[in-house]
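**Q** Here it is: the structure, laid out below.
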Amino acid sequence: MTETPIAYIVFNRPQHTEKTFAVLREQRPPQLFIIADGPRPAHPTDAARCAAVREIVELVDWPCEVYRNYADSNFGLKRRVSSGLDWVFGQVERAIVLEDDCVAHPDFFRFCDMLLERYADDERVWVITGNNFQNGRKRGEASYYFSKYNHCWGWATWRRAWQHYQGELPFWIDWKRSEDWQHKMPDPVEQRYWSAIFERVRAGQIDSWAYPWTASVWYHGGLTVTPNVNLVSNIGFGADSTHTADPDSPLAGLPVRALGEIRHINSVGQDIEADRYVFDHTFGGLNLRWPHSMMRLPRSIVGGVYRRIKRGFA
C-alpha cells in the first residue's frame, strides 16, 4: 500500500477507469485527488460517459481523504490536467500522478514512495517515472537510472518541481537561441524534432500539458528517475484517445514487470546512451536519421533503394 497522495485524472472512459481504479483500491492511498474534465458540447455521449466515470470513482471503501475537482464544462486536455495539478500541489508537497488509462504494477507505488523520499531535497531530480522503453536493456547495476525524458504514463513529482511548469513556454523564444539549449540538445536531429514540437506548442497548435512540462523540466536542468523495468502499462491506445490513437503502436499495453528489491545508484547524472536509445526507438529518431545516412552512400545505391521503396508503395 502506498503512503503517497495520488492525483487521479479521469474523463469519459468508464471501461478504462474501472481497471485503473481497481489498482488504486488495492493500494489504499491515504489521500486521493480526483481531477475530472467535463463533457464536450459536440459529443452527445460525453455527458453520460463522464457521469459513469464519476460514479466509479465514488467507490472509495478504505480510510481515505478524498478531494474532488470536477469541471462542469470541458476544459480540454492541457488546461484540465495542468489546472488540476496546480490544485493538487497547492495542498500537498508530493504526489503520484496517474491517468485513467495507466495500469500500474504494485511495485510502481513502492518505487515512487521510496524515491520521492530519497530525492525530496535534491534539486537535480524533478520526476520519477514508471515507464521504461529500453526493450529489455538494463542501464547500470541499480534498479533505476537518470534520464532527461520525463515519461508521463504514471509518474510522481514534488511541489518544488511542478511550480516551474509553464504551459505557454514563455522562455522558449530566447532559450532556443541559447548555448544552454545547444548543450542540452547536441544531436541536430533530436534538436530539430523537439524544436518543431515546442514551436507548435507556442503557437497553440497542440493541446498538450506534457510537452510544456517536458520543456519546463529541461529548461531547469531536471532529471527523471527511470526504473530498469517497465512498471506502468498504457491501455488507452485507440480511437477515443487524444494523442495515442494507434492501437497497433508497440507502446500500447506494454507489459509490466516486478522491480524486486530496490538497489540505489551511486551518483546522479544523465544516462546519455539510454536517452539516445529512447529518442531513436520511441520517438522515431532512427527514421529521421535515415535520409541523412543515405546521403553518405554512393548515388547508385541510394537510387536503387528509393526505386525499391517506390515500387513497394505503388
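Coordinate-derived values only; no laboratory data. Just so it is clear, the model here is predicted, and its values are computed rather than measured. Quick reminder, even Gly has a Cβ in these numbers, built from the backbone with ideal geometry, and neighbours come from all protein chains shown.
**Q** How are the alpha carbon pair distances in the range 103-283 distributed across 10 Å bins from zero to the largest one, expressed in percent?
**A** Using 10 Å bins, I get a P(r) of 9, 36, 39, 16, 1 for the range 103-283.
**Q** By average Cβ neighbour count within 10 Å, what is the ranking of 201-208, 129-136 from highest down?
**A** Output ranking for 201-208, 129-136: 129-136, 201-208.
**Q** Using amide H atoms built 1.01 Å from N in the peptide plane, name the residues 5+ places from residue 223, or on other chains, whose amide H lies under 5 Å from its own.
**A** 125, 126, 127
**Q** Of the options 140, 14, 283, report the single residue whose Cα projects farthest towards the positive end of the charge dipole of the chain (beta-carbon charges: Lys, Arg +1; Asp, Glu -1).
**A** Projecting each Cα onto the dipole axis, the largest value belongs to 283.
**Q** A further question follows. Treating cross-link reach as a plain straight distance, find the aspartates and glutamates whose alpha-carbon is under 19 Å from the alpha-carbon of residue 78, omitting any fewer than eight places away in the same chain.
**A** Here the aspartates and glutamates satisfying the reach criterion relative to residue 78 are 37, 46, 86, 99, 100, 101, 168, 199, 207, 240.
**Q** Also: Rounded to the nearest 20 debye, what is the charge dipole size of the chain about its Cα centre when +1 sits on each Lys and Arg Cβ and -1 on each Asp and Glu Cβ?
**A** 1500 debye
**Q** Using DSSP to define loop residues, name the GluC sites (Glu not before Pro) in the range 62-102 whose beta-carbon has at most 16 other beta-carbon atoms within 10 Å.
**A** 93
**Q** Order 7-17, 29-39, 112-122 from most to least packed using the mean count of other Cβ atoms within 10 Å.
**A** Ranked by mean Cβ neighbours within 10 Å, highest first: 7-17, 29-39, 112-122.
**Q** So what's the back-of-envelope 222 nm ellipticity for the chain, counting only DSSP H runs of four-plus at -39500 (n - 2.57) apiece and dividing by all residues, rounded to 500?
**A** -12000 deg cm²/dmol
**Q** Okay, next question. By the gyration tensor of its Cα atoms, with a ≥ b ≥ c the square roots of the eigenvalues, what is the shape of the range 1-100: rounded for a/c under 1.5, prolate for a/b over b/c, or oblate?
**A** The shape class here is oblate.
**Q** OK, next. To the nearest whole percent, what portion of all C-alpha pairs in the range 110-168 is separated by more than 13 angstrom?
**A** 66 percent
**Q** Highest mean first, how do 77-86, 158-167 rank when packing is the count of other Cβ atoms within 10 Å averaged over residues?
**A** 77-86, 158-167
**Q** For the chain, report the % of Cα-Cα distances exceeding 31 Å.
**A** 33 percent
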